[in-house]
1. Return the equivalent ellipsoid semi-axes of the range 450-507 as a descending list in whole Å, where each equals the square root of 5 times an eigenvalue of the C-alpha gyration tensor.
2. So, by mean Cβ neighbours within 10 angstrom, what's the order for 451-462, 266-277 with the highest one leading?
3. So who's got an amide H within less than 5 Å of the one on ILE282, skipping anything under 5 residues away but keeping other chains? H placed 1.01 Å off N, in plane.
4. How much length would be gained if the chain were fully extended between GLU252 and GLN292, taking 0.36 nm per residue of separation minus their Cα-Cα distance, in nm to one decimal?
5. Run through the range 472-505 and list the trypsin sites (Lys or Arg not before Pro) located in a DSSP loop whose Cβ has at most 16 other Cβ atoms within 10 Å.
6. Just the Cα atoms of the range 426-579, one point each, no solvent: what log10 I(q)/I(0) does Debye give at q = 0.12, 0.16, 0.20 Å⁻¹?
7. If you take all C-alpha pairs in the range 179-246, what percent of them are over 14 Å apart?
8. Using a Förster distance of 41 Å, how high is the FRET efficiency between THR518 and LEU129, based on the Cβ-Cβ distance and rounded to 0.05?
Amino acid sequence: MVSFALHGVGVSGGIAIGRAQLVSHATLEVSHYTVPASRVDEEIARLGYAIDEVQKELTALHGTMTRSGEVPGEFGAFLDVHWMILNDPTLSEAPRKIIAEQRCNAEWALTQQMNVLIEQFEQIEDPYLRERKADVVQVVERVLKRLMGKPGSLPGAVAEERTIVVAHDLSPADVIGFKQHHFAAFLTDLGGVTSHTAIVARSLAVPAVVATHNARQMIHDGELLIVDGTNHVVIVNPDRAVLAEYRLKQSELELERQKLKRLRGKPAQTIDGHAVELHANIELPGDLAQVQEAGASGVGLFRSEFLYLNRIGLPGEDEQFEAYRAVAAGLAGKPVTIRTFDLGADKSHEGLAGLTRVAPNPALGLRAVRFCLAEPKLFLTQLRAILRASHYGRVRILIPMLASVAEVDATLAMIEQAKESLRERGEPFDESVPVGGMIEIPAAALAMGSFLDRLDFLSVGTNDLIQYTLAIDRADETVSHLYDPLHPAIIRLLSMAIGDAVRAKVPVAVCGEMAGETMFTRLLLGLGLRDFSMHPAHLPAVKQRVLTSDVSAIKPIVDRMRRTDSPAKLAALLDKINA
Ligand code: PEP
Ligand code: MG
């Protein structure tokens, strides 16, 4: 067997050794095989059964949505479109003919027909109708998932600790599904450093390498792999010497991890006595165990939109309330900062009205607070659920992606409206629940005044702040090499945002990936930051960094960093504070 190495971008550190399991999205990699003449009818029936099942799924969904009355009206229309596509003979009948004529499997016939339809849609001049091709793909995906067994062709029961997932691309929803399994590592052809897929990967605390370009093509099922997330490399079919070397490195890392665990109960304080809060980022209530294990000060970012992913139908007020209450109560007096839905861009739900159209530029489109304000019914449902949970613990509300004061005011008015309905219902909640905003658009960092006046706290989302400042799509691996937290513009914006908040005595945190990278801990301390929020897996290493930092020594160097535009000088000064 030929041994070779693949390079990508390590988005989650550590070393894993295991066997490759190739996975794909249903429509991406459908197998093609011939069906014996005697089994053609059976194959056609299999397709018919899958279509029937999806029909039932859509009907049930329509019923739930209509009854709950909590979802945008367009959602029903969107389901109707899917229903029509599914029942159109070009999709339900034509593939049956293809199976009979070509004696091929149902999945193949269906994707062949989908490709024909997509081509036809691409000829349509009307842009609205042209976009409906995305609906065709979604409907076909649903049927394929039924044909191939849920969930899509992603690994299910077969997954085990020594399995390394190899995929062309994975959505954040796919990766969140992995939380129930125990994979050793995963790698993808696509993906950027701060894509949500990478972020969720990090929360799984297993090594991950993205942007490998063609791993999916070059690796075969069952091949032995070493994934070194720290050094951005994957070794395929390693020889004995390499394997032995990596096994040794792996046990050294494990030893290091065990050592760091001993810091759990120790307060995070710098050498010169500055107390630092280390909070955790979570995606689902189930992540709480990791938060406790890491000894976090609380949850600094609960990405609530993950409750929306990987499911049919949307969570209603009670279901959301249960999820928020579980976290609030589970933290036993420690705070939880619940971010309102940051849906859109790479985190879209197939059932949400505004998100079903293919946005020309999703990262700049109807995302986060913009989407919430455009869907008041949905937003109010979430706000009521969060407020109700505030009765059971220390809850804070965080609004994502603010750009203007008008958005803050509109959101505060909605929170007031949600409070009013709870008062009318006689439901208890924390009347003075703190409301904060995320600083992740350069405009917000440049004009902090009105945010500082209106909000109780701020949290800087460096992932988006970097994406929008450097104009690099965080989910696009072709520009991921341009992601640069040390760009002079980023240092300046961070310095402004943190500095302005500190001067105004408004609590400020950083909750982007930068907060969990030890390379930047001292830079952020030097900029005045005392509150970090990161994936729990990173917390022990950041704490160790804090414990060995002396702000009085760092600050003068960071002041020089704030004033220079030279990348070389910045890199040298960063080395100096990290020495
Ligand atoms: C960020 O943008 O830095 C952030 C924390 O939010 P998210 O990564 O979920 O967009
Ligand atoms: Mg963000």
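1. Equivalent ellipsoid of the range 450-507: 26, 12, 7 Å, largest first.
2. Listed from highest to lowest mean packing, they are 451-462, 266-277.
3. LEU301, PHE302, ARG303
4. 11.9 nm
5. Values: sites: ARG474, ARG492, ARG503, LYS505; in loops: ARG474, LYS505.
Passing sites in the range 472-505 are LYS505.
6. The computed values of log10 I(q)/I(0) come out as -0.52, -0.90, -1.35.
7. Tail of P(r) above 14 Å: 60 percent of Cα pairs.
8. 0.20
The values are calculated or read from the model by the stated rules, or taken from the named source; none is laboratory data. Values in this document were obtained by computation on a predicted structure and should not be read as measured data. Neighbour counts are summed over all protein chains in view; Cβ atoms, including those assigned to glycine, are modelled from backbone coordinates with ideal geometry. Only protein heavy atoms, including side chains, enter the accessible area calculation; ligands, DNA and RNA are left aside. Shrake-Rupley method; radii C 1.70, N 1.55, O 1.52, S 1.80 Å.
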